[in-house]
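Undergrad: I have a structure here, written as structure tokens, and I will follow up with some questions on it.
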Amino acid sequence: MKILLASNSPRRKELLQNLGFDFDVISVDCEEVYPDDLPTEKVAEYLSELKANSFRNLEKGEVLITADTVVSIGDEILGKPGNEKEAKEMLQKLSGKTHRVFTGITIRTLDKTISKTDVAEVEFEIINSLESEYYVKNFRPFDKAGSYGIQEWLGMAKIKSLHGSFYTIMGLPTHLVYAILKDLE
């Protein structure tokens, strides 16, 4: 079985490597849009399936993995920030509150498509403006949903508690991916 990881995320690549799988990284070009009336908890899986379905060149013996992560506070989805100002604003929304992180995965072969979502809850301590400025300036979280990486300084310094998988928050629910890939072997 030849595994194809359709992701530009260095974190997903690292996590899949650490699970012990050999794979190739590929690009999938698709516009990541979802219906406005889609429930928050379904968005990550919807986008993951959208990416998987936009890849047309799957061959026999290949397994495609796509993923998407969204951060939500209430019903508001916090995507990737476009600039420093947006990143700091997102961090202030998360400051002192609990939010949810949804990571949807889709694993596709020629014969089947398996999609799942995992959710984790994260509670932040208060993040003051100097801390958010320091984090954004030094860690440039512009490729991260919600403007933060759990494995970076902000996660180490400001996460009060979490319920769920650390790796789901990082961008790949490794326990789900491992179980599905082992089942496909």
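Quick note: the coordinates plus some simple rules give every number you see, no bench work behind them. Keep in mind it's a predicted model, so treat the numbers as computed, not measured. Cβ sites come from the backbone with ideal geometry, for glycine too, and all protein chains shown count toward neighbours.
Undergrad: Once the Cα gyration tensor of the chain is found, what semi-axes does its equivalent ellipsoid get, as square roots of 5 times the eigenvalues, in whole Å, sorted largest first?
TA: Details: eigenvalues 175, 54, 43 Å².
Ellipsoid semi-axes (Å, largest first): 30, 16, 15.
Undergrad: Right, here's the next one. May I ask which residue of 90, 141, 48 lies farthest towards the positive end of the charge dipole of the chain, with charges of +1 (Lys, Arg) and -1 (Asp, Glu) on Cβ and the Cα centre as origin?
TA: Of the listed residues, the answer is 141.
Undergrad: Defining a contact as two alpha carbons under 8 Å apart and six or more residues distant in sequence, what relative contact order in percent does the chain show? Write down the numbers at each step before the final one.
TA: Numbers: 358 pairs, mean separation 41.7, N = 185.
Computed value for the chain: 23 percent relative contact order.
Undergrad: Let me ask something additional. Under 1.5 on a/c is rounded, so check that first for segment 89-146, then, if it is not, pick prolate when a/b is larger than b/c and oblate when it is not; a ≥ b ≥ c are the square roots of the alpha carbon gyration tensor eigenvalues. Before the final figure, lay out the partial values.
TA: Details: a/c = 5.44, a/b = 2.23, b/c = 2.43.
Oblate, because a/c is 1.5 or more while a/b does not exceed b/c.
Undergrad: Using only DSSP helix segments of four residues or longer, with each worth -39500 (n - 2.57), what per-residue ellipticity at 222 nm results for the chain after dividing by its residue count and rounding to 500?
TA: Values: 7 runs with 68 residues, N = 185.
The per-residue figure over the chain is -10500 deg cm²/dmol.
Undergrad: Treating only the Cβ of Lys, Arg, Asp and Glu as charged (+1, +1, -1, -1), what charge dipole size does the chain show about its Cα centre? Round to the nearest 20 debye.
TA: Values: 23 positive and 30 negative charges, 72 e Å.
Its charge dipole is roughly 340 debye.
Undergrad: Report the extension gain between residue 123 and residue 166 in nm, rounded to one decimal, defined as 0.36 nm multiplied by the number of residues separating them, less their alpha carbon distance.
TA: Details: separation 43, 0.36 × 43 = 15.48 nm, distance 1.27 nm.
Result: 14.2 nm gained on full extension.
Undergrad: By its C-alpha gyration tensor, with a ≥ b ≥ c as the square roots of the eigenvalues, how is segment 1-90 shaped: rounded for a/c under 1.5, else prolate for a/b larger than b/c, else oblate?
TA: Details: a/c = 2.34, a/b = 1.63, b/c = 1.44.
Prolate, because a/c is 1.5 or more and a/b exceeds b/c.
Undergrad: Which residue, 63, 101, 43, tops the fluctuation ranking in a GNM of the chain built on C-alpha contacts under 10 Å?
TA: Comparing 63, 101, 43 in a Gaussian network model of the chain, the most mobile one is 63.
Undergrad: For each pair in 51/80; 51/160; 51/97, compute the distance between the two Cα atoms and list the pairs where it is over 22 Å. Don't skip to the answer; put the middle values down first.
TA: Numbers: 51/80 17 Å; 51/160 33 Å; 51/97 31 Å.
Violating the 22 Å limit, Cα to Cα: 51/160; 51/97.
Undergrad: I'd like the distance separating the alpha-carbon centroids of segment 168-185 and segment 54-111, in whole Å.
TA: 15 Å
Undergrad: While we're on this one: Compute the distance in nm between two label points, each set 7 Å from the Cα along the Cα-to-Cβ direction, one at residue 137 and one at residue 62.
TA: About 4.6 nm, to one decimal.
Undergrad: Related question: No solvent, one uniform scatterer per C-alpha: report log10 I(q)/I(0) for segment 10-63 via the Debye equation at q = 0.17, 0.20, 0.23, 0.26 1/Å, two decimals.
TA: -0.73, -0.92, -1.04, -1.10
Undergrad: In nm², what is the average projected area of the convex hull enclosing the Cα atoms of segment 66-117?
TA: 4.5 nm²
Undergrad: What does the charge add up to near residue 7, with Lys and Arg as +1, Asp and Glu as -1, over the other residues with Cβ less than 10 Å from its Cβ? Don't jump to the answer; show the numbers that get you there.
TA: On the way: positive: 11, 12, 13, 51; negative: 68.
Net charge in that neighbourhood comes out at +3.
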